[in-house]
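*Asks:* The structure's right below; bear with me while I get my questions together.
The values are calculated or read from the model by the stated rules, or taken from the named source; none is laboratory data. None of the values given here were measured: they were computed from a predicted structure. All Cβ positions, even for glycine, are placed from backbone atoms using ideal geometry, and neighbour counts span all protein chains on display. SASA here: full protein model, heavy atoms, side chains in, ligands and nucleic acids out. Shrake-Rupley method; radii C 1.70, N 1.55, O 1.52, S 1.80 Å.
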Amino acid sequence: MRTDIFARLDREPEPPKIETPRMSRHRIALFGGTLAFYLAIVVAVLVSSWLVALDWKVMLFRPYQQWPGLHAFLDYYVVLGQRGPTAVMVASWLGWRSWRQHTLRPLLTLGTALLLLNVSVGAVKYGLGRLGPHYATQIGSAELFAGGDIFPSGHTANAVVTWGILAYLATTPRARRYLSALSAFVSLGVGLTTVYIGTHWLSDVLLGWAAGLLILLALPWFEPLVTRAETVILAFRERWRARRGARASTPAAPVAPEPVLLPQALSGGAAAEDLQGPAGHAPAPDPAAATGRPGAGRARAHQVLHPVRSERSSQAPAASRRPPHADRTPRSAAGQTRPVTGGSVTP
């Protein structure tokens, strides 16, 4: 038995017993508080309150001009909130966990969280239609219903959900604490980075944090759906394996050989009859005769005079294989009356 650290990379012999999170009272209280905070931000932006004035102050401050040395680094750091790269990295890790633990729950939970993120954040984005700081038209305005898609911040919400799902799926309390701190640090940094480079208002980032946290807190409500989907997928996989194994174990039926028909190589009735083989089968066409090379006639004559043994044996009569002799008279004809030449026969 291996005792080194690399032994933990091996596949476990059977699925471990992992306790799925439940919707406790503490979680419900956090969900209610986060939802109230979410609605308060939306209302504050709709009525153009002090939060919108703060958005304009931060934008006019232009942080990217105040600290230009951070711009090069933060341009790469903000990728940690982009949907494509983060989804690939986290899905790779959770896919390895699914293989190691014989369960599809990590991947299905990630897919459920991303689907909820797309539906909830996308609906608010396109419903409110807020423009970003670089496209603002009137100072002090909330820039709502102008055809934008900036409120809430998708980068921030995606960072909260994608990295927070690692803490949600942690199997030990210690790993859950460390991963929760890491996901909070990354999501806070991504949100503030979008404000620094001027792609989002401050209120966009606040609403993005709330939107991502709401999805993580609501995931226990979707655990029965994830379990049902895993059961259906695994049952389908077992049926497919059983069908494939039955198909591989069934021997193939023997295929009867089909007769080969040799085409008539010559035209004309008399020439074809002269070159017929035994039992009326035509010899195989000679490639040399078709191309007009010398010796084509000799090759065709050799095929006629010496047919293939398989054809001759299959068509020869079963009584005797000895060729007839022209100078011998059959015994059955010995007792017949021989004709006499030169006159009539007297009885």
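*Asks:* What does the accessible area per residue of segment 20-117 come to in Å², with a 1.4 Å probe and no ligands, DNA or RNA counted?
*Replies:* With the other protein chains kept in place, segment 20-117 gives 58 Å² per residue.
*Asks:* Given a Förster radius of 25 Å and the C-beta distance between A87 and I18 as r, what FRET efficiency does 1/(1 + (r/R0)^6) yield to the nearest 0.05?
*Replies:* E between A87 and I18, to the nearest 0.05, is 0.65.
*Asks:* Taking a 1.4 Å probe, which of I233, I150, I165, I139 shows the most accessible area, and what order do the others take after it?
*Replies:* I139, I233, I150, I165
*Asks:* By accessible area of protein heavy atoms, probe 1.4 Å, what ranking do D204, D75 get, highest first?
*Replies:* D75, D204
*Asks:* Suppose R0 equals 30 Å. What FRET efficiency, 1/(1 + (r/R0)^6) with r the Cβ-Cβ distance, do L144 and Q65 give to the nearest 0.05?
*Replies:* 0.65
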